[in-house]
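Quick notes on the structure that follows.
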Amino acid sequence: MFERFTDRARKVVVLAQEVAREIPQPFITSEHILLGLMLEHDGIAARALRELGVEQADVHRKILESLGPEEKVPLSGHLPFTPESKKVLELSLREALQLGHNYIGTEHILLGVIRGCDRVEQYLPVTLAEVRNQIISILKGEQAPEPEIEVKVVDQAGHGLDSLNSDEIDLAVIKLLVGYHEAGTVSTKDAMDTIKKLL
């Protein structure tokens, strides 16, 4: 599952481990993950919470007040996840799939925390629906519109279409369609239908 994590999502896991060591506690809980999400300031999760009026300092204070006494923490090696925090990460994958994403970002982990942590209402004054709607709004705003570009087909010598004969134009268009298909811009069916018409 971790291979699907974005760089920021992986950083959140590292930050959660650092938070656990600082408290200190010998395992990574959902609370540590939540703090890691808020510490990754550039992530969509932290941005969504800020825009909903959630203060990092308040969440940090509430979490510290709720945690048990300090415990001995190993000086090296990775700290284990609790069963609940493992469930949170599994839910983050479900949230990503539900939103139609093939990656797991900080926003998906946040949704996983809210769904999987029974104590989250103690720390966050927002609902799952409010956070999900805010995340969707942010994601829509970050989707850049398709640029309007003028495509000019040229041959290897740099000549434009007006300098090519009919067969050369057909070949150039086929190469262009193949390139678009490889880039994911044109579906296989559309590319093949167009190429068949030219042949």
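Nothing in this text is a laboratory measurement; each read-out follows from the coordinates by a stated rule. The shown structure was predicted, so the numbers you read here are calculated from the model rather than taken from an experiment. For neighbour counting, all protein chains shown are included, and Cβ atoms are generated from backbone atoms with ideal geometry for every residue, glycine included.
Starting with the highest mean, order 85-94, 110-119, 132-141 by the number of other Cβ atoms within 10 Å, averaged over the residues of each peptide. Before the final figure, lay out each step's value.
Numbers: 85-94: 19.4, 110-119: 21.0, 132-141: 14.7.
Ranking, from highest mean packing down: 110-119, 85-94, 132-141.
Report the charge-dipole magnitude of segment 102-141 in Debye, nearest 20, computed about the Cα centre from +1 at each Lys and Arg Cβ and -1 at each Asp and Glu Cβ.
On the way: 4 positive and 4 negative charges, 21 e Å.
Value, rounded to 20: 100 debye.
Find out how many positive minus negative residues lie around GLU107, taking Lys and Arg as positive, Asp and Glu as negative, among other residues whose Cβ is under 15 Å from that of GLU107. Please report the intermediate quantities before stating the final value.
Values: positive: ARG4, ARG8, ARG10, LYS11, ARG47, ARG50, ARG94, ARG115, ARG132, LYS140; negative: ASP7, GLU40, ASP42, GLU51, GLU95, GLU130, GLU142.
Here the count lands on +3.
Give me the compactness ratio for segment 56-134, meaning the Cα radius of gyration over 2.2 N^0.38 Å.
Details: Rg = 14.4 Å, N = 79, 2.2 N^0.38 = 11.6 Å.
In units of the globular-protein estimate, segment 56-134 measures up at 1.24.
Show me 99-107, 8-16 ranked by packing, highest mean number of other Cβ atoms within 10 Å first. Can you show the working numbers first?
On the way: 99-107: 17.7, 8-16: 20.1.
Per-residue Cβ counts within 10 Å, averaged per peptide and sorted highest first, yield 8-16, 99-107.
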